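Structure record follows, encoded as structure tokens.
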Amino acid sequence: MPASRPATVTALGIAQILGWGTSFYFPAVLAPPISADTGWPLSWVVTGTSIGLLVAGLIAPRVGAIIDRRGGRPVLALSSLFFAAGLLCIGLARNLPVYLLGWIVLGGGMGTGLYDAVFAALGKLYGKDARTPITNLTLFGGFASTVCWPLSAFLAESFGWRSACLIYAGLHLLISLPLQMAVMPPQSPQQIKQAGTDDMAMRPAGPVVHERLILVLLASVLTISAGIGSSVIVHMMIFLQARGADFAFAVSLGTLFGPAQLGARVVERVFGAHYHPIWTMVSSCALMLTGLALLLAGIPFLALIVLIYGGGYGIMWIARGTLPLALFGPERYATLMGRLAFPSLIVQALAPSAAAFLIEQRGVDATMATLTAFAAINVCLIAALWGLCRRSVRG
């Protein structure tokens with residue numbers, strides 16, 4: 001008997017907390033002790049995350065196509081194995097090349113087991129009804145840093161960073177893998193074929209004209225949002241300190257970022273069924289631009305700025321999963337998610353380094369101005385996408 005939707009989302013959500021916490025959020029706590037223990041440059045230790053994101057981006061189109069053909073079960077199973085193997089390699093690494101090799105493997109887990117892949121799996125499983133499960137899943141993902149940062153600190157302090165990696169590898173095998181396999185049903189070739197037939201009946205009403213242009217605009221919006229988001233997350237303390245906050249106050253302001261994301265996602269969960277997902281993306285772009293513009297202008301209400309920007313960034317991930325489904329329907333959704341993830345993950349990996357270079361060469365204000373300009377461009381792009389989609393549905 002298939003698992004209920006709440007059980008499915010809960011199981012996948014727990015796996016998301018562990019997946020994000022042991023990949024994207026990994027260096028925040030564990031990079032300093034790794035560098036101190038091994039003597040490897042901190043910059044190279046942190047670079048592991050960028051390598052993982054690059055690998056995830058490169059394999060994303062293939063992952064989406066596999067989910068379209070075979071469903072999400074084999075891909076999510078593979079993600080747990082990738083995560084476990086990558087963390088095992090990192091925990092046992094005695095030199096920097098082996099450590100970075102571990103991140104290449106871990107990137108396979110990021111590409112097969114984080115939001116983009118799981119959104120595609122939910123779209124394949126629930127079709128046009130996947131919006132609510134996708135939204136609910138992001139509520140779990142919002143707790144990744146809240147759960148894994150203190151857990152990583154405890155494990156590293158109590159057992160050492162190597163043991164922390166090995167323990168996390170075991171958790172992926174003992175918790176994430178069984179949970180995902182318990183709720184993701186196997187799909188036979190006949191079921192996949194029937195799902196494709198059903199998807200044809202569930203496509204948005206009316207022909208989708210200008211499909212290629214719509215896809216390019218959507219990919220551009222998602223990619224710019226991802227690049228801005230990763231840059232701000234990495235350099236947030238620098239930006240806040242440039243606006244007069246000392247380090248301790250900047251850290252306390254940074255703790256508002258997670259609750260801001262979660263709060264915005266709760267609002268989306270409550271009211272999202274009453275409007276098209278494009279308005280979620282419009283709101284995200286507008287809030288991110290507003291937050292960055294206020295920060296650039298030197299407005300003194302830094303806590304409010306973090307809340308505004310964090311809310312916009314939080315619902316961006318919901319729009320990333322639900323907007324392609326609403327625009328193109330369940331047919332080919334997983335494949336499209338893979339194609340959309342490719343440029344955004346690549347930019348997400350490279351943007352923080354580009355921002356760091358800009359900070360060094362031009363200063364903090366110029367960097368914030370550049371990010372604000374990109375956010376303004378994104379507002380224009382999402383407005384163009386909204387107008388084009390209105391005409392396409394009518395056409």
Given (1) under 30 Å from His235 (Cβ atoms); (2) touching a residue at least 40 places away in the same chain (Cβ under 8 Å), index of the condition Thr370 fails: (2)
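For the stretch 225-282, which residues satisfy the criterion of being of a type in the set (D, E, K, R) and farther than 17 Å from Ala293 by Cα?
Asp246, Arg265, Glu268, Arg269
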Count of the stretch 1-46 residues which are open to solvent by less than 20 Å² (accessible area, probe 1.4 Å), of a type in the set (Gly, Ala, Ser) and under 29 Å from Leu122 (Cα atoms): 6
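Filter the stretch 314-344 down to residues that are among the small types (Gly, Ala, Ser) and within 15 Å of the chain's Cα centre (by Cα) and give me whichever is farthest from Leu137 (Cα to Cα).
First, pick out the residues of the stretch 314-344 that are among the small types (Gly, Ala, Ser): 314, 319, 321, 326, 329, 334, 338, 341, 344.
Those still in the list that are within 15 Å of the chain's Cα centre (by Cα) too: 314, 319, 321, 338, 341, 344.
Working: Gly314: 12, Ala319: 13, Gly321: 10, Gly338: 18, Ala341: 18, Ser344: 20 Å.
The selected residue is Ser344.
Looking only at the stretch 320-335, decide whether some residue is more than 30 Å from Pro61 (Cβ to Cβ) and not hydroxyl-bearing (Ser, Thr, Tyr). Before the answer, list the steps.
Within the stretch 320-335, the subset more than 30 Å from Pro61 (Cβ to Cβ) is none.
No, the conditions are met nowhere in the stretch 320-335.
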Residue list for the stretch 101-118, restricted to those being part of a helix (DSSP H, G or I) and either at pLDDT below 95 or surrounded by 24 or more Cβ atoms within 10 Å (Cβ to Cβ) (or both): Trp103, Leu106, Gly107, Gly109, Met110, Gly111, Thr112, Gly113, Tyr115, Asp116, Ala117, Val118
Count - residues of the stretch 68-100 that are touching a residue at least 60 places away in the same chain (Cβ under 8 Å), open to solvent by 20 Å² or more (accessible area, probe 1.4 Å) and under 15 Å from Tyr168 (Cβ atoms): 4
Unique match (being modelled with pLDDT under 95, assigned to a helix (DSSP H, G or I) and buried (at least 24 other Cβ atoms within 10 Å of the Cβ)) among Ala65, Ala153, Ala121: Ala121
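Looking at Leu323, Leu358, can you tell me which residue is open to solvent by 10 Å² or more (accessible area, probe 1.4 Å) and either closer than 27 Å to Leu54 by Cβ or not β-branched (Val, Ile, Thr) (or both)? Spell out the reasoning first.
Numbers: Leu323 fails: open to solvent by 10 Å² or more (accessible area, probe 1.4 Å).
Going through Leu323, Leu358 in turn, just one is open to solvent by 10 Å² or more (accessible area, probe 1.4 Å) and either closer than 27 Å to Leu54 by Cβ or not β-branched (Val, Ile, Thr) (or both): Leu358.
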Given (1) assigned to a helix (DSSP H, G or I); (2) modelled with pLDDT under 85; (3) not polar (S, T, N, Q), index of the condition Ala205 fails: (1)
All positions within the stretch 331-355 that are surrounded by fewer than 23 Cβ atoms within 10 Å (Cβ to Cβ) and of a type in the set (S, T, N, Q): Thr335, Ser353
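The values are calculated or read from the model by the stated rules, or taken from the named source; none is laboratory data. A quick note: this is a predicted structure, and the numbers were derived from the prediction, not measured. Cβ: placed from backbone, ideal geometry, glycine included. Neighbour counts: every protein chain shown. Side chains are part of the model used for accessible areas, which takes the heavy atoms of the whole protein and leaves out ligands, DNA and RNA. Shrake-Rupley method; radii C 1.70, N 1.55, O 1.52, S 1.80 Å.
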